[in-house]
Amino acid sequence: MRRLVKIFAVLAAGIFATDVSSAGENDVLYWMIDSSAKVEQPDGKTVSVSDFFGGYTSSADSSFAARVRVTGGGITEDTFLSLYVSESLVLDGELGVGFDTVEGHWGAGVPEGNQSPLSAADYSVGSPEFSFIIELGNVAWDEDGGTWTTIATSGAAESYQSLANYIHQRFELGPGQSAAWTPTQFVAVPEPSGGILVVLGAAFLALRRRRFKEGA
(Lines give C-alpha, C1' and ligand atoms only; values in the text may rest on other atoms or scores of the structure.)
Protein backbone atom coordinates (compact mmCIF):
# COMPACT_ATOMS: atom_id res chain seq x y z
CA MET A 1 0.00 0.00 0.00
CA ARG A 2 2.86 2.38 0.83
CA ARG A 3 4.27 1.90 -2.67
CA LEU A 4 0.89 2.53 -4.26
CA VAL A 5 0.54 5.76 -2.31
CA LYS A 6 4.02 6.73 -3.47
CA ILE A 7 3.12 5.96 -7.11
CA PHE A 8 0.08 8.19 -7.06
CA ALA A 9 1.92 10.93 -5.16
CA VAL A 10 4.48 11.10 -7.95
CA LEU A 11 1.77 10.94 -10.60
CA ALA A 12 -0.12 13.72 -8.88
CA ALA A 13 2.95 15.93 -9.18
CA GLY A 14 2.71 15.42 -12.96
CA ILE A 15 -0.94 16.48 -13.32
CA PHE A 16 -1.47 18.71 -16.35
CA ALA A 17 -4.39 20.91 -17.26
CA THR A 18 -7.10 19.61 -19.59
CA ASP A 19 -10.05 21.24 -21.29
CA VAL A 20 -12.73 19.92 -18.96
CA SER A 21 -15.54 21.21 -21.15
CA SER A 22 -14.46 18.98 -24.04
CA ALA A 23 -13.12 16.00 -22.07
CA GLY A 24 -16.32 14.03 -22.60
CA GLU A 25 -16.08 14.51 -26.38
CA ASN A 26 -12.60 13.00 -26.78
CA ASP A 27 -11.82 9.43 -27.80
CA VAL A 28 -10.65 7.33 -24.86
CA LEU A 29 -8.63 4.09 -24.95
CA TYR A 30 -9.69 1.57 -22.27
CA TRP A 31 -6.89 -0.82 -21.32
CA MET A 32 -5.54 -2.98 -18.49
CA ILE A 33 -3.35 -5.96 -17.61
CA ASP A 34 -4.82 -8.82 -15.58
CA SER A 35 -3.57 -12.08 -14.13
CA SER A 36 -4.08 -13.94 -17.44
CA ALA A 37 -1.05 -12.18 -18.96
CA LYS A 38 2.04 -14.27 -19.72
CA VAL A 39 5.63 -13.28 -20.52
CA GLU A 40 8.04 -15.06 -22.87
CA GLN A 41 11.45 -14.90 -21.22
CA PRO A 42 14.82 -14.67 -23.02
CA ASP A 43 15.36 -18.40 -22.42
CA GLY A 44 12.17 -19.14 -24.39
CA LYS A 45 10.16 -20.20 -21.33
CA THR A 46 6.73 -18.61 -20.91
CA VAL A 47 5.54 -17.79 -17.39
CA SER A 48 2.70 -15.86 -15.81
CA VAL A 49 3.33 -12.15 -15.41
CA SER A 50 3.28 -12.49 -11.62
CA ASP A 51 5.95 -15.24 -11.74
CA PHE A 52 7.96 -13.09 -14.14
CA PHE A 53 7.90 -10.22 -11.67
CA GLY A 54 8.89 -12.62 -8.90
CA GLY A 55 11.99 -13.69 -10.82
CA TYR A 56 13.06 -10.19 -11.79
CA THR A 57 16.02 -8.73 -9.93
CA SER A 58 14.82 -5.46 -8.43
CA SER A 59 15.67 -3.16 -5.55
CA ALA A 60 13.73 -3.37 -2.30
CA ASP A 61 12.16 0.05 -2.80
CA SER A 62 10.63 -0.54 -6.22
CA SER A 63 7.33 -1.58 -7.77
CA PHE A 64 5.94 -2.92 -11.05
CA ALA A 65 3.69 -0.94 -13.37
CA ALA A 66 2.25 -0.80 -16.90
CA ARG A 67 2.03 2.10 -19.36
CA VAL A 68 1.03 2.70 -22.99
CA ARG A 69 3.72 3.93 -25.38
CA VAL A 70 2.71 5.84 -28.51
CA THR A 71 4.65 5.18 -31.75
CA GLY A 72 4.42 6.33 -35.37
CA GLY A 73 3.16 9.63 -36.70
CA GLY A 74 6.64 11.12 -36.77
CA ILE A 75 7.11 10.83 -32.99
CA THR A 76 10.81 11.18 -32.18
CA GLU A 77 10.72 11.21 -28.37
CA ASP A 78 9.26 9.00 -25.66
CA THR A 79 5.49 9.53 -25.58
CA PHE A 80 3.04 7.81 -23.25
CA LEU A 81 -0.71 7.99 -22.90
CA SER A 82 -1.97 9.96 -19.94
CA LEU A 83 -4.55 8.60 -17.50
CA TYR A 84 -8.01 9.74 -16.48
CA VAL A 85 -8.70 9.77 -12.75
CA SER A 86 -12.03 11.50 -13.30
CA GLU A 87 -13.60 13.35 -16.21
CA SER A 88 -11.92 16.55 -15.04
CA LEU A 89 -8.60 15.13 -13.79
CA VAL A 90 -5.86 13.65 -16.00
CA LEU A 91 -2.46 12.40 -14.84
CA ASP A 92 0.81 12.05 -16.71
CA GLY A 93 1.30 8.41 -17.72
CA GLU A 94 5.08 8.09 -17.84
CA LEU A 95 5.28 6.04 -14.63
CA GLY A 96 2.22 4.05 -15.56
CA VAL A 97 -0.30 2.24 -13.37
CA GLY A 98 0.94 0.09 -10.50
CA PHE A 99 0.08 -3.61 -10.16
CA ASP A 100 -2.14 -4.35 -7.20
CA THR A 101 -5.03 -6.52 -5.98
CA VAL A 102 -8.42 -4.79 -6.14
CA GLU A 103 -11.70 -6.48 -5.25
CA GLY A 104 -10.03 -9.88 -5.54
CA HIS A 105 -8.53 -9.11 -8.97
CA TRP A 106 -4.76 -8.73 -9.52
CA GLY A 107 -3.24 -6.57 -12.25
CA ALA A 108 -2.81 -2.99 -13.46
CA GLY A 109 -6.13 -1.18 -13.74
CA VAL A 110 -8.27 -4.12 -12.65
CA PRO A 111 -11.12 -4.86 -12.55
CA GLU A 112 -12.64 -2.12 -14.74
CA GLY A 113 -9.67 -0.85 -16.77
CA ASN A 114 -7.64 2.31 -17.17
CA GLN A 115 -8.86 5.13 -19.39
CA SER A 116 -6.42 7.16 -21.50
CA PRO A 117 -7.48 10.17 -23.60
CA LEU A 118 -6.67 10.12 -27.33
CA SER A 119 -7.63 13.71 -28.15
CA ALA A 120 -5.56 16.11 -30.24
CA ALA A 121 -4.83 17.97 -26.99
CA ASP A 122 -3.01 14.92 -25.62
CA TYR A 123 0.06 14.23 -27.80
CA SER A 124 -2.07 14.48 -30.99
CA VAL A 125 -2.57 10.71 -30.93
CA GLY A 126 -6.19 10.63 -32.06
CA SER A 127 -5.22 9.63 -35.59
CA PRO A 128 -4.97 6.30 -37.49
CA GLU A 129 -1.27 6.92 -38.19
CA PHE A 130 -0.37 6.23 -34.56
CA SER A 131 0.16 2.83 -32.89
CA PHE A 132 0.33 1.67 -29.29
CA ILE A 133 2.40 -0.75 -27.22
CA ILE A 134 1.89 -1.64 -23.57
CA GLU A 135 5.12 -1.76 -21.59
CA LEU A 136 5.65 -3.50 -18.26
CA GLY A 137 8.25 -1.85 -16.09
CA ASN A 138 10.00 -1.74 -12.75
CA VAL A 139 9.93 1.66 -11.05
CA ALA A 140 12.76 2.35 -8.60
CA TRP A 141 11.78 4.95 -6.02
CA ASP A 142 13.96 7.52 -4.25
CA GLU A 143 13.53 10.97 -2.75
CA ASP A 144 13.41 12.52 -6.23
CA GLY A 145 10.60 10.30 -7.51
CA GLY A 146 10.58 7.21 -9.72
CA THR A 147 12.88 5.85 -12.43
CA TRP A 148 11.26 3.54 -14.99
CA THR A 149 12.98 0.47 -16.49
CA THR A 150 11.10 -1.39 -19.23
CA ILE A 151 11.21 -5.15 -18.61
CA ALA A 152 8.63 -6.48 -21.11
CA THR A 153 6.46 -5.26 -23.99
CA SER A 154 3.26 -6.40 -25.67
CA GLY A 155 5.16 -7.17 -28.87
CA ALA A 156 4.09 -5.65 -32.18
CA ALA A 157 2.45 -2.24 -31.97
CA GLU A 158 -1.33 -2.19 -32.33
CA SER A 159 -2.77 0.28 -34.83
CA TYR A 160 -5.47 2.77 -33.98
CA GLN A 161 -7.86 0.80 -36.21
CA SER A 162 -7.08 -2.57 -34.59
CA LEU A 163 -8.02 -1.16 -31.18
CA ALA A 164 -11.36 0.23 -32.39
CA ASN A 165 -13.35 -2.01 -30.04
CA TYR A 166 -11.53 -0.50 -27.06
CA ILE A 167 -11.69 3.16 -28.11
CA HIS A 168 -14.76 4.90 -26.76
CA GLN A 169 -16.10 8.40 -27.18
CA ARG A 170 -15.83 9.56 -23.61
CA PHE A 171 -14.70 8.88 -20.05
CA GLU A 172 -17.10 6.63 -18.15
CA LEU A 173 -17.41 5.48 -14.58
CA GLY A 174 -17.22 1.68 -14.38
CA PRO A 175 -17.13 0.86 -18.12
CA GLY A 176 -16.77 -2.86 -17.52
CA GLN A 177 -13.91 -5.31 -18.07
CA SER A 178 -15.03 -6.40 -21.56
CA ALA A 179 -14.49 -2.87 -22.90
CA ALA A 180 -10.74 -2.83 -22.18
CA TRP A 181 -7.74 -3.79 -24.35
CA THR A 182 -6.17 -6.59 -22.28
CA PRO A 183 -3.05 -8.06 -23.93
CA THR A 184 -2.16 -11.54 -22.66
CA GLN A 185 1.20 -12.08 -24.41
CA PHE A 186 4.35 -10.13 -23.58
CA VAL A 187 8.01 -10.49 -24.51
CA ALA A 188 10.69 -9.88 -21.89
CA VAL A 189 13.40 -7.27 -22.39
CA PRO A 190 16.77 -8.73 -21.29
CA GLU A 191 18.13 -7.14 -18.13
CA PRO A 192 20.98 -4.69 -18.88
CA SER A 193 23.57 -6.78 -17.06
CA GLY A 194 22.68 -9.83 -19.16
CA GLY A 195 22.97 -7.84 -22.38
CA ILE A 196 26.38 -6.51 -21.39
CA LEU A 197 27.61 -10.04 -20.64
CA VAL A 198 26.43 -11.24 -24.06
CA VAL A 199 28.27 -8.39 -25.81
CA LEU A 200 31.44 -8.99 -23.79
CA GLY A 201 31.25 -12.73 -24.44
CA ALA A 202 30.88 -12.21 -28.18
CA ALA A 203 33.80 -9.79 -28.23
CA PHE A 204 35.99 -12.21 -26.25
CA LEU A 205 35.11 -15.10 -28.59
CA ALA A 206 35.93 -12.99 -31.67
CA LEU A 207 39.29 -12.01 -30.13
CA ARG A 208 40.15 -15.65 -29.42
CA ARG A 209 39.31 -16.66 -33.00
CA ARG A 210 41.45 -13.87 -34.43
CA ARG A 211 44.43 -14.85 -32.24
CA PHE A 212 43.98 -18.51 -33.21
CA LYS A 213 44.07 -17.61 -36.92
CA GLU A 214 47.16 -15.43 -36.42
CA GLY A 215 48.96 -18.26 -34.61
CA ALA A 216 48.05 -20.89 -37.19
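This table checks each residue for (1) over 21 Å from Gln169 (Cα atoms); (2) among the hydroxyl-bearing types (Ser, Thr, Tyr).
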position: Ser82; (1), (2): no, yes
position: Gly93; (1), (2): no, no
position: His105; (1), (2): yes, no
position: Glu112; (1), (2): no, no
* Structure fact -> (1) surrounded by fewer than 18 Cβ atoms within 10 Å (Cβ to Cβ); (2) of a type in the set (Ser, Thr, Tyr); (3) touching a residue at least 24 places away in the same chain (Cβ under 8 Å) all hold for Ser162 apart from (3)
* To do: Please verify whether the range 150-163 includes one or more residues that are more than 25 Å from Ser48 (Cβ to Cβ) and among the aliphatic types (A, V, I, L, M).
  => no
* Asked: Quick check: anything in the range 91-114 within 22 Å of Ser162 (Cα to Cα), part of a strand (DSSP E or B), touching a strand residue (DSSP E or B) at 6+ places or on another chain (Cβ under 6 Å) and not small (Gly, Ala, Ser)?
  -> yes
* Selection status of Val189, modelled with pLDDT of 95 or more and hydrophobic (A, V, I, L, M, F, W, C) -> yes
* Is it the case that some residue within the range 38-48 is more than 22 Å from Glu143 (Cα to Cα), out of contact with any Cys (no Cβ under 7 Å at 6 or more places or on another chain) and modelled with pLDDT under 85? -> no
* Asked: Is it true that some residue in the range 164-175 is closer than 28 Å to Glu77 by Cβ, in a helix (DSSP H, G or I) and either modelled with pLDDT of 90 or more or not acidic (Asp, Glu) (or both)?
  -> yes
* Under 8 Å by Cβ, and 6 or more places apart or on different chains, what pairs join a residue from the range 40-57 that is over 17 Å from Ser154 (Cα atoms) with one that is surrounded by 15 or more Cβ atoms within 10 Å (Cβ to Cβ) and charged (D, E, K, R)? -> Tyr56/Glu191; Thr57/Glu191
* Asked: Among (1) more than 13 Å from Ile33 (Cβ to Cβ); (2) aliphatic (A, V, I, L, M); (3) not in a loop (DSSP other than H, G, I, E, B), which single condition is Ile75 missing?
  -> (3)
* Asked: How many residues does the range 72-91 contain that are more than 13 Å from the chain's Cα centre (by Cα) and of a type outside the set (A, V, I, L, M)?
  -> 9
* **Residues satisfying the stated conditions in the range 138-155, i.e. in a loop (DSSP other than H, G, I, E, B), within 17 Å of the chain's Cα centre (by Cα) and modelled with pLDDT of 90 or more** => Ser154
* Structure fact -> Scanning the range 126-137 for residues that are under 16 Å from Ile75 (Cβ atoms) and either out of contact with any Asp or Glu (no Cβ under 9 Å at 6 or more places or on another chain) or not β-branched (Val, Ile, Thr) (or both), the one modelled with the highest pLDDT turns out to be Glu135
* To do: Go through the range 141-159 and count every residue that is over 24 Å from Leu118 (Cα atoms), out of contact with any Asp or Glu (no Cβ under 7 Å at 6 or more places or on another chain) and in contact (Cβ under 8 Å) with a residue 60 or more places away in the chain.
  => 4
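The values are calculated or read from the model by the stated rules, or taken from the named source; none is laboratory data. Just so you know, these numbers come straight off a predicted model, no measurement behind them. Glycine also receives a Cβ, built like all others from the backbone with ideal geometry; neighbour counts cover every protein chain displayed.
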